[in-house]
Structures are given as C-alpha cells and as structure tokens.
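Student: The structure follows.
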Amino acid sequence: MASTSRPGSGPAWRSDEDLVRALGAGDTDSLGVLVARWEQPLFRFVFRMLPEREEARDVCQETFLRVLKRANRFRVGGKFSTWMYQIALNLCRDHARRRRRWGGLVLEGALDETPPEGSRGLQPRADGEGADETLARDQARNAVSRALARIPTEQREVLVLKEFEGLKFREIAEILGCPESTVKSRMYYGLRGLRTELVRDGVEGS
C-alpha cells in the first residue's frame, strides 16, 4: 500500500532550522526550499553592503554554497537566518578587504541601479502621491544612502542589520560576535554620525 504524506509534513512546511538539519543529514532537496525562501531577502541585504549587483549575486551564491557545506555544523538551538546573515556578512567583508573599497560600500554604488525586488529602497510612486512628493522622497533616500557610506564600518553594519533588515539587537550581537551592549552603542553612535552627515549635506529634518 502506497504511503501518503501528512498535510504540512513536506519540506515547504518545515522550519528553516529543520531544513538545515535535514540538509546536514544529506537531504539536498532542503537547500532548494531554503533558497526559495531566502534568496530575495539575502540579495537585498548583500546589495546594500556591496556596490555592484553582480558582486552581490556572487556573494549570495557563495553564501548558499557554504550553507550546504556547513549544514552539519549548524548549532542546535540556533536560528538559521542569523547564521545565514553571519556567513553573508563575513563574505562581504572578505570581498571588501580584497578590493580595498570598504569605505565606499553600502548603497553608494547601488544608487544608480534598479533596486532589488522587495527592497525598501527607492519605490514606485504611492497612491495619491504627486511627482514632487515622489522626487523628494527619493532624494531623501539617496541622501541617507550617501551618508551611510561615510560612517564607520562597524556602525554601518549595525544600522543596516537593524534598520533595513529589522533584526533584533541580540540577533545582531550574535552575527557580529560581540556583546549586545556593544551593538547598542554602535547603533547610538551610528545614528548620531548619520545625522551629522545629513546635516553636512544640507538635508532638512535630519
């Protein structure tokens, strides 16, 4: 008698953590589910950290390859997204060190690009929004992007992870490998530095 699958028991219904554990046990189909869930959020994150779209794609591909290779080392009780962001951020740093361009990363080079799908960057005009409002909104986002590129790297990383990706302080602390108090301090000084740069650029309401 053929067996039937219980509703909700297939790979698409399993948690990220269950999937990565299954991947570590040899179930390579689980990787496809994880990629389908996370390829857009991951690309959006990396695209904010690196100036070129192709470079961001390469980092995303390498991130998933490392997930595949290291799945059997995934920590029990860990959160997959935190682990994935940690891998991706380390790869971004590696790319930056090799190219000696870390000071110019994060959005600066992406301003002339079409934002990735799902990005909270430049967006189409909202319903009822006039052309002037759309232009002002886009100019403000561009100003923030340029200001972000000029603050210290460690502060910029925290701001991107917290304000763009919406991660909690404890998650960011785990990704960066530092105390939560350090993350909060970097957030404070990062916001202060960002405000200073915006004022320097003459942005109103900084």
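The values are calculated or read from the model by the stated rules, or taken from the named source; none is laboratory data. On a predicted model such as this, the values are computed, not experimentally measured, just so you know. Positions of Cβ are generated from backbone atoms using ideal geometry, with glycine treated the same way; all protein chains shown enter the neighbour counts. These area figures cover heavy atoms from the full protein model, side chains too; ligands, DNA and RNA do not enter into them. Shrake-Rupley method; radii C 1.70, N 1.55, O 1.52, S 1.80 Å.
Student: List every residue pair whose Cβ atoms lie under 6 Å apart, where the two residues are 6 or more positions apart in sequence or sit on different chains, the first residue falls within the stretch 181-199 and is in a helix (DSSP H, G or I), and the second residue, located anywhere, is among the polar types (S, T, N, Q).
Tutor: So the pair list comes out as Arg186/Gln155; Tyr189/Gln155; Gly190/Gln155; Arg195/Ser206; Leu198/Ser206; Val199/Ser206.
Student: Now a separate question. Considering only residues that are polar (S, T, N, Q) and under 17 Å from Arg156 (Cβ atoms), which ones fall in the stretch 169-205? Walk me through how you get there before you give the answer.
Tutor: Just the residues of the stretch 169-205 that are polar (S, T, N, Q), to begin with: 181-182, 185, 196.
Result: Thr182, Ser185, Thr196.
Student: Restricting to the stretch 17-68, what's the tally of residues that are over 19 Å from Leu91 (Cβ atoms) and of a type in the set (Asp, Glu)?
Tutor: The qualifying residues number 4.
Student: Continuing with the same structure: Of (1) at pLDDT below 95; (2) closer than 20 Å to Leu161 by Cα, Arg75 satisfies all except one. Which?
Tutor: Result: Arg75 passes all but (2).
Student: Mind listing whichever residues of the stretch 158-170 are out of contact with any Lys or Arg (no Cβ under 6 Å at 6 or more places or on another chain) and open to solvent by less than 10 Å² (accessible area, probe 1.4 Å)?
Tutor: Leu159, Leu161
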